Amino acid sequence: SPLLSAALRDADARGWRTVEIRGGRANGAASGLTRTHHNDLYTLPLDRSLGDIVRGFSDSVRWGRKRALRDGVSAERISTVDGLREFYTLHQITRRRLGVPVQSWRFFEHLGREFLASDNGFVVNARHAGRVAASALFLRHGSRLYYKFSATDPGALALQPNSLVLWEAIEWARAQGLAEIDLGKTVRENVGLARFKRSWGAVPVPLP
């Protein structure tokens, strides 16, 4: 395509070592590209009863929810700016702990106006003793719910709050008649994250 040709010309002129195209349909032989499969997309189908979906969860997921409820953790779905700010506070802590850049508050303000205000997105906050222990931002498009950003208080990990957060979103999506939840792409070398997504019954699809 003209766009690919322009990118390859730029790469040659600037001395780039590689050009990566995610999900593209370029002719590899003609362009010199090599098809690789470093990433998988994990989705959780919702075309079953809630009971059948839950039976697809691992023992650790079910135990985590029981542990959280036993220790007084509760989860709520929120679409307000205040709820989004609570998420953002934990988001900053989590991103800095992982050593990756933190998006600006303005970025999430725009998401709030475009998605939360139109009932196409929400935050799920898990609380313990009045404090937010874990939080996640979900965005909806068509019949798919995207598990887009998540954050956790490092001091609350033992309470298993994330189990309640995702469980709450799954129950809501199933009740709304959505087709699936998109848990995002994962590099195959990230075995721990892949295991986490599989523990919820998510199915991997190769992303060339």
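The values are calculated or read from the model by the stated rules, or taken from the named source; none is laboratory data. Computed from a predicted model, the values in this text were never measured in an experiment. All Cβ positions, even for glycine, are placed from backbone atoms using ideal geometry, and neighbour counts span all protein chains on display. For the accessible areas, the whole protein counts, side chains as well, though only heavy atoms, and no ligand, DNA or RNA atoms are used. Shrake-Rupley method; radii C 1.70, N 1.55, O 1.52, S 1.80 Å.
The single condition among (1) open to solvent by 70 Å² or more (accessible area, probe 1.4 Å); (2) β-branched (Val, Ile, Thr); (3) in contact (Cβ under 8 Å) with a residue 60 or more places away in the chain that Thr18 does not meet is (3). Among residues of the stretch 116-139 that are closer than 16 Å to Gln176 by Cα, none has a Cβ under 8 angstrom from a residue that is at pLDDT below 95 and part of a strand (DSSP E or B) at a sequence gap of 6+ or on a separate chain. Against the conditions (1) modelled with pLDDT of 95 or more; (2) within 28 Å of Arg22 (Cα to Cα), Trp172 satisfies every one except (2). Within the stretch 64-104, the residues that satisfy the criterion of being without any contact (Cβ under 8 Å) to a residue 24 or more places away in the chain and open to solvent by 80 Å² or more (accessible area, probe 1.4 Å) are Lys66, Arg70, Asp82, Arg85, Arg96, Leu98, Pro101.
Given the criteria closer than 20 Å to Leu41 by Cβ, modelled with pLDDT of 95 or more and touching a Phe, Trp or Tyr at 6+ places or on another chain (Cβ under 9 Å), does Ala179 qualify? Before you say what the answer is, go through the steps one by one.
On the way: closer than 20 Å to Leu41 by Cβ: yes; modelled with pLDDT of 95 or more: yes; touching a Phe, Trp or Tyr at 6+ places or on another chain (Cβ under 9 Å): no.
Criteria not met by Ala179.
Among the residues of the stretch 53-63, the one identified as open to solvent by 70 Å² or more (accessible area, probe 1.4 Å) and closer than 16 Å to Arg174 by Cα is Arg55.
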